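The values are calculated or read from the model by the stated rules, or taken from the named source; none is laboratory data. In this text, all values refer to a predicted model and were calculated from it rather than measured experimentally. Every residue, glycine among them, receives a Cβ derived from its backbone with ideal geometry; neighbour counts consider all protein chains shown. All accessible areas refer to the heavy atoms of the entire protein, side chains included, with ligands and DNA or RNA removed. Shrake-Rupley method; radii C 1.70, N 1.55, O 1.52, S 1.80 Å.
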Amino acid sequence: MNEQSAPATTPIFQRIKDYLVGEIASGRWKEGDLVPSEQALVRQFGVSRMTVNRAVRELTAEQVLTRRQGSGTYVAPQKYQATLVEIRNIADEVRARGHRHRSAMHLLEGAPASEALALQFELAQESPLFHSLIVHFENDVPIQLEDRWVNPACAPDYLAQDFNTITPNEHLMAVAPLQGATYAIEALGAPREVAELLAIDAREPCLVLKRKTSSGGRVASIVTMWHPGRLYQFTGSVG
């Protein structure tokens, strides 16, 4: 049991927190699972109800646990975070949290630019573009659907990449150094095809990040990234 290996100098309430977080991190307790009652934790650790309450209260404030009146305490839905201060690779975001990233390619093709895409890329209509559709996973939970269009002039070998081992962001940063970017975020209900790829219910709220990047004086990439709203949040700071 985790508390047996904790240093003697660790406060008891922190040892209880570490135990609860450890059970969640190991996968033994999953999102929505009922955790032991405070009374059960009092017996398990041989401490006061006040000490256990502090541990549970702090984990609730940290959104690790959630309390339901008259029902008990449950493992809360995890909110994965992405920073908006800089354009970061999602694989790095996941690994920075100590989790495992993998991706699943659903589409990689060349396609002519529609009128709308041609305007955004500042190209003639029907100009060739590259298109990829990739689902990114954190610990086997789908957290992002990346729908990306790429200017071949900026990344001519895009279709030859193995995006199961690297991400489009990693490839583009290497071959088309970032010159500038614009983005917008909105909340949208997931269309059926998006919901299926993210394993969520159709029309479930998603956080949608739309971003356009430029390199070498050209629009290099336009990407729409869908994130399940109950699992994801964006963060940032200035100054």
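Averaged over residues, the count of other Cβ atoms within 10 Å places the peptides 38-47, 142-151, 166-175, 198-207 in the sequence 142-151, 166-175, 198-207, 38-47, highest first. Remark on Arg97: its backbone amide H falls under 5 Å from none of the residues 5 or more positions apart or on other chains, H modelled at 1.01 Å from N. Of Lys30, Lys210, the residue with the largest accessible area leads and the full order is Lys30, Lys210 (1.4 Å probe). Per-residue Karplus couplings for region 21-37, computed as 6.51 cos²θ - 1.76 cosθ + 1.60 with θ equal to phi - 60°, are listed in order as 5, x, 5, 6, 5, 6, x, 5, 10, 10, 3, x, 6, 6, 9, x, 5 Hz, Gly and Pro entered as x. Sequence-ordered 3J(HN,Hα) estimates for region 117-129 from the Karplus curve with 6.51, -1.76 and 1.60 and θ = phi - 60° stand at 5, 4, 5, 5, 7, 6, 10, 6, 4, 6, 4, x, 10 Hz, glycine and proline given as x. Just how many % of Cα pairs in region 53-154 lie over 20 Å apart, if you round to the nearest whole percent? So the pairs more than 20 Å apart make up 60 percent of the total in region 53-154.
For a test of the definition: using alpha carbon positions, the gyration tensor, and the 1.5 limit on a/c, classify region 178-239 as rounded, prolate or oblate. Taking the square roots of the gyration eigenvalues as a ≥ b ≥ c, region 178-239 is oblate. Axis of helix 49-61 versus longest Cα principal axis of the chain: the two differ by about 10°, to the nearest ten degrees. Rolling a 1.4 Å probe across all protein chains gives Phe137 an accessible area of roughly 30 Å². Distances between placed amide hydrogens fall under 5 Å for Tyr232 paired with Tyr80, all partners being 5 or more residues away or on another chain.
Distance from the C-alpha centroid of region 164-203 to that of region 39-66: 38 Å, rounded to the whole angstrom.
Spatially close Lys pairs in the chain, defined by Cα atoms under 20 Å apart and a spacing of eight or more places or different chains, total 4. The label point for Ser114 and the one for Thr60, both projected 7 Å from the Cα toward the Cβ, are 4.7 nm apart.
Roughly speaking, to the nearest percent, how much of region 100-239's 1.4 Å accessible area is carbon and sulfur? Please report the intermediate quantities before stating the final value.
Numbers: 3660 of 6850 Å².
It is 53 percent, rounded to a whole number.
Two decimals is fine: what's Rg over Rh for the chain, C-alpha atoms, Kirkwood radius as Rh?
Working: Rg = 22.2 Å, Rh = 20.4 Å.
That ratio is 1.09, to two decimals.
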